[in-house]
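First comes the structure, then the notes that go with it.
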């Protein structure tokens, strides 16, 4: 066996390392040439195309289903109905305690439909078009029922009940209280009460919709699921028990994903349908969700009402505490819910120092599409609420929103800061971020700008949105929803190996959707192995057969920079140690301390001539290992599981650390309203981000920009609105207007770095953005309306007609607020 | 969506009533009727192709008369099932004598539309419904005239 | 995506197109397809057959008459109108076409398709109504000339009947026009729009408030007169997720006033 | 009048002859029949532009064209932009300016930008924004895309 030795080129490792450099993204070369592999690009010989027959009713009994005419068509391979699903699978595991626990959620509607667009029958045919043709021949008879689409009506006597099994539309409720509310309100100089606030329903509408290509291997009884699900760890634990198979029978494979934003977490019902069809028809089946299907049925963000809010405040604007009742609209099914009922608690006080907080959380079912995580999941709703409260309080007490924020922000010197509910904010300097943002926007000149705009008959306003991006979940928080749940902590996996020809190969457990994991992982590896990121091969995508996969593997909840990269760091450090151990033996018993990694190899520190390139290390261990010490214990193939330091929270007190890191953003928006029409432009915008140490500043800034654009779209146009019959009025991009290149305002970005003391790299998870743009636009609109009726911005969705209404009838919004 | 209106026909109430309650002539008032089939004087079905400039919208419509008070009042339930759309409509009309032997019809309809057509947006649906209603009323005029011509 | 089965014909002359349309009841003319194809994707309405007018040179082109009259082929794209030197004889045409949808759609979508579709949110139906365009419709019985105010019959319905084709759009001379809209985002779908023209008489047409453009003749160009005219037009604006009926009606008034102001400014300039 | 016909199209200098159903959209023909999966589908209403291609020199959305209408046409897709793996200045600018994240809208964006730069080699920011209006991106907020196109245009 030959021992190939090549002398690698010397690579100049930057003084301060690769981490922190915006190196070229490894993903880009394939993606700019159209050579990415997205789920709809995957094909198999003889595959059948799946098309879903969907409910035209928001609520109805299914009285009969006849698929005979559809199956009679030449080229139609077969169908699947709810009855068949119910016969061969069990209902999906429910996270909730009763009454939500009683839901019987199957992959297809069984006996009843509960929202427009719910899948009733699946048809498989030789071509996409034929599958749809056949779906039109499936005869479904319905007996329509009344629908409830307003969460506020869901618990009224006589309201239609979606789930007889749960007996009412109440899905989950819980009371959260920390501190001493009575004392806080006794101490207060003023109590500001807000009758109702509404956070609207929308989602991030990733440009690539969901899909799958599923193969069933009869011999091994195992499914290979090519899909763009972004949290296979979760999909697996939902699907395995329902399908009555072990998780290793479900192989998830993903390469490129066209955006996720949380919306691609709950596709498990459709994946089950595809699995059942692949087995039933004994052929690969392919499913592509079309845009209108996605809007009708997939992953709407949580719609939430806040009722009877009371805020205890001192005359100087010092906030003492608040009480409120949150009413969350889950839609027709609990697909990831009721986790939204606790996730918000990661950011209970927002960015402020108030210590006395009570929140009664109620989640109900309505005849609308099921909700599931959407960028900023559940925290965004709560952070919007706290930001609205700050501005309304400032407005009503005649104080400056900037001053009220600075007076109440958690201070840099308070960090790490334990919140009233036991979460620990790791680091940050919110007041400084606000100053940076105000400088970027030119806050000093704002009065002059208002006057200038007024001269043109326009109303100009400035608003602040300060928000948190809590990352790396402690899944133990799920026990506050249901003490029986056996989840806690978090984990992520990476493997790093040195191959026979010295190739450094990294595999991740994550399912990136554009976050550049291949690139940032390579930077971390290169710094430890003292080579170039170009020498590090990071496998694209995810494959649960790679064994770099754990229970919580996936890409969600702002955590890769912590969980993913810490796993990469751990595995690479193991590899580095093994390389030294091997070299020490090869050099004849040199201790590891005397060795150093450099120039793509390992050498004796004070004798650089004694150099063993990685290629030699790889060759020796993999193909030339005779004579190595028996007890060497080196494989050069290292798997590391990163496990963040978490405890199980105190379920009784609902107290404990729910997330590891707290990235922060402060945004400032300037809007200009045309009072005649309510039309407005965002004329200026600044976003300042602090996510601790940045491995790749350009990628971080890209995430900030993307979150900003999504928030601005949601603030102005994007809303999943239903009519009283339960028809979705914005089922595609005709009426669901997402921002385009002419819509986005001029943007200035800034950043500060407050490294996290709790993470191996000082990084913080980021990317969700916490909806800062929504908070900022709401505040800016309210500011612009000051002196023009003083309307209160009570809804997170402010399209032109609502702004016009607020100008016509400010009193209807003023009635929502009272100061005592 | 709710649509309602008042229409006066230059014919005595008996004739208007007769037209409104004769499936054959009613069928002729529906947009793009391709075939219809009468089960009894209270139930009938029709295959229609609602004319839209961009191509017809095929629907199977079944009609049931649920109430009647001859010769002045009736309620009908209509269910239309098409591939592009699903329509449920409850319509009622009330006849009263108008000057010069004419008859006034006060009518109201509650229309529910769903399915892919719905995805085209309300801005399109509402005008389309109004359009079809106009068509029906115009055709009704014609039927009434023919009937009164026939009876005179 | 995934259209229902459809027959396809690509005639080489208007005469041939008319023959095919006349012979096939369920056949529809396919112009740019930027509306029709999308409706077919939804399978909301499905022609049995498509008669592709692309490539019929007779239906393309812009001619400027000695008297300033523009004669535009219905298959002329928005992009061609924006780029046309002749079309600048009526500047508002290019200005409005440049606001329609996006580059890709303007490259393929046609003026004829826009008005024949007559989606209530389209830009051109109110504009052509305000500037007094006339449409030539050809059929088995020869050609007829239809003024814009009689051309639009309903949503997706025009005076172009079965077996007929729109073959020419004639636009009288004039430069004093205005257009205003409130759109979903910059240059987006119209929530409401209005067009005005003060060539001789004052004509104002508001869009998005009814199945067809609403033409009004204000007593004068004063803001109040224009508002009264629109208010008196007696339409009931549809309500949808973007606008209540009342808000849309209000926008119609505001936009009519703005369109008229733009037109009169140009007249006095 | 026929429900399918044989067509010949030249895509990225390769000629293809296929029998296609009249109802098949050009984008489905390109992706499914010819396996050129670089062009994408992001909506079903002609809004998103992920399927943008250049047909006989004209930028179009291939989801609003029937494949049969492309008979005889010369089509350019994202796969044809770079030669032998060498990125074009525009593609390089997209990478340099982090103008893509998930990369799903990128092929359509690149075709729109390519068409713009051909007719207007040095576009202003306003011109770039106008030229990209028909392409939806949900990841980047467009700012970096606009910068990349301006840079590629030497503006």
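The values are calculated or read from the model by the stated rules, or taken from the named source; none is laboratory data. Just so it is clear, the structure is predicted and the values come from calculations on it, not from any experiment. Note that we place each Cβ from the backbone using ideal geometry, even for glycine, and neighbour counts take in every protein chain shown.
Assorted remarks:
- Taking the stretch C:135-174 as the range and being buried (at least 24 other Cβ atoms within 10 Å of the Cβ) and assigned to a helix (DSSP H, G or I) as the test, the residues that pass are C:148, C:151.
- Filter result for residue B:22 (within 14 Å of the chain's Cα centre (by Cα), without any contact (Cβ under 8 Å) to a residue 24 or more places away in the chain and over 24 Å from residue B:115 (Cα atoms)): yes
- Selection status of residue C:192, under 19 Å from the mean Cα position of the chain (by Cα), more than 12 Å from every other protein chain (Cβ to nearest Cβ) and crowded, with 17+ Cβ neighbours inside 10 Å: no
- Some residue of the stretch A:727-737 being crowded, with 24+ Cβ neighbours inside 10 Å, over 29 Å from residue A:297 (Cα atoms) and more than 14 Å from chain D (Cβ to nearest Cβ): no
- For residue D:126: the one exception among (1) surrounded by fewer than 23 Cβ atoms within 10 Å (Cβ to Cβ); (2) under 16 Å from residue A:32 (Cα atoms); (3) at the interface with another protein chain (Cβ under 9 Å from one of its Cβ atoms): (2)
- Inside the stretch D:10-33, residues that are assigned to a loop (DSSP other than H, G, I, E, B) and either facing chain A (nearest Cβ under 9 Å) or more than 26 Å from residue C:106 (Cβ to Cβ) (or both) make up a count of 3.
- The listed residue being in contact with a strand residue (DSSP E or B) (Cβ under 6 Å, 6 or more places away or on another chain) and surrounded by 20 or more Cβ atoms within 10 Å (Cβ to Cβ), out of A:55, A:64: A:55
- Pairing each residue of the stretch A:482-499 that is at positive phi and free of Cβ contacts under 8 Å to residues at least 40 places away in the same chain with any residue that is buried (at least 21 other Cβ atoms within 10 Å of the Cβ) and in a strand (DSSP E or B), provided the two are 6+ apart or on different chains, yields no C-beta distance under 7 Å.
- Elements of type strands (runs of 3 or more DSSP E) in the stretch B:15-110, at least 1 residues being closer than 30 Å to residue C:165 by Cα: B:33-40, B:43-50, B:57-69
- Residue A:510 being crowded, with 22+ Cβ neighbours inside 10 Å, at pLDDT below 95, outside the structural domain of residue A:374 (by TED's automatic domain parsing) and out of contact with any strand residue (DSSP E or B) (no Cβ under 7 Å at 6 or more places or on another chain): no
- Evaluated against (1) within 14 Å of chain D (Cβ to nearest Cβ); (2) surrounded by fewer than 21 Cβ atoms within 10 Å (Cβ to Cβ), residue A:230 falls short on exactly one condition, (2).
- Strands (runs of 3 or more DSSP E) completely within the stretch C:1-109 that count 1 or more residues being in contact with a strand residue (DSSP E or B) (Cβ under 6 Å, 6 or more places away or on another chain) and within 13 Å of another protein chain (Cβ to nearest Cβ): C:7-9, C:27-30, C:49-52
- The stretch A:495-533: number of residues that are over 17 Å from residue A:252 (Cβ atoms) and touching a helix residue (DSSP H, G or I) at 6+ places or on another chain (Cβ under 8 Å): 25
- Filter pass, residue D:36 being within 11 Å of chain A (Cβ to nearest Cβ), outside any strand (DSSP E or B) and closer than 28 Å to residue A:699 by Cα: no
- Looking at A:439, A:447, A:391, A:435, just one residue is closer than 19 Å to residue A:188 by Cα and either in contact with a strand residue (DSSP E or B) (Cβ under 8 Å, 6 or more places away or on another chain) or in a helix (DSSP H, G or I) (or both), and that residue is A:391.
- Of all the criteria given as (1) in a loop (DSSP other than H, G, I, E, B); (2) at pLDDT 95 or above, the one not satisfied by residue A:496 is (1).
- Residue D:144 falls short on exactly one of the conditions (1) outside the structural domain of residue D:20 (by TED's automatic domain parsing); (2) touching a residue at least 24 places away in the same chain (Cβ under 8 Å); (3) touching a strand residue (DSSP E or B) at 6+ places or on another chain (Cβ under 9 Å), and that condition is (3).
- Qualifying residue in the stretch A:94-114 (condition: buried (at least 17 other Cβ atoms within 10 Å of the Cβ) and over 30 Å from residue A:478 (Cα atoms)): no
- Any hit, the stretch A:699-710, residues being more than 11 Å from every other protein chain (Cβ to nearest Cβ) and either modelled with pLDDT of 95 or more or out of contact with any helix residue (DSSP H, G or I) (no Cβ under 9 Å at 6 or more places or on another chain) (or both): no
- Boolean, residue A:220 is over 29 Å from the mean Cα position of the chain (by Cα) and farther than 16 Å from residue A:511 by Cβ: yes
Residue by residue, here is whether (1) farther than 29 Å from residue A:149 by Cα; (2) part of a loop (DSSP other than H, G, I, E, B); (3) more than 7 Å from every other protein chain (Cβ to nearest Cβ) holds:
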{"site": "A:720", "(1), (2), (3)": "no, yes, yes"}
{"site": "A:743", "(1), (2), (3)": "yes, yes, no"}
{"site": "A:755", "(1), (2), (3)": "yes, yes, yes"}
{"site": "A:761", "(1), (2), (3)": "yes, yes, yes"}
{"site": "A:766", "(1), (2), (3)": "yes, yes, yes"}
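- Among the residues listed as A:767, A:762, the single one being at pLDDT below 95 and closer than 16 Å to residue A:662 by Cβ: A:767
- Taking the listed residues C:132, C:200, the one that is modelled with pLDDT of 95 or more, assigned to a loop (DSSP other than H, G, I, E, B) and on the phi > 0 side of the Ramachandran plot is C:132, with no other qualifying.
- Qualifying residue in the stretch D:129-137 (condition: under 30 Å from residue C:8 (Cβ atoms) and touching a helix residue (DSSP H, G or I) at 6+ places or on another chain (Cβ under 8 Å)): yes
- Residue among A:610, A:663, A:619 that alone is surrounded by 21 or more Cβ atoms within 10 Å (Cβ to Cβ) and part of a strand (DSSP E or B): A:663
- So residue C:23, is it surrounded by 18 or more Cβ atoms within 10 Å (Cβ to Cβ) and either touching a residue at least 12 places away in the same chain (Cβ under 8 Å) or more than 21 Å from the chain's Cα centre (by Cα) (or both): no
- Matching residues in the stretch D:56-104 - criterion: being surrounded by fewer than 19 Cβ atoms within 10 Å (Cβ to Cβ), at the interface with chain A (Cβ under 8 Å from one of its Cβ atoms) and in contact with a strand residue (DSSP E or B) (Cβ under 7 Å, 6 or more places away or on another chain): none
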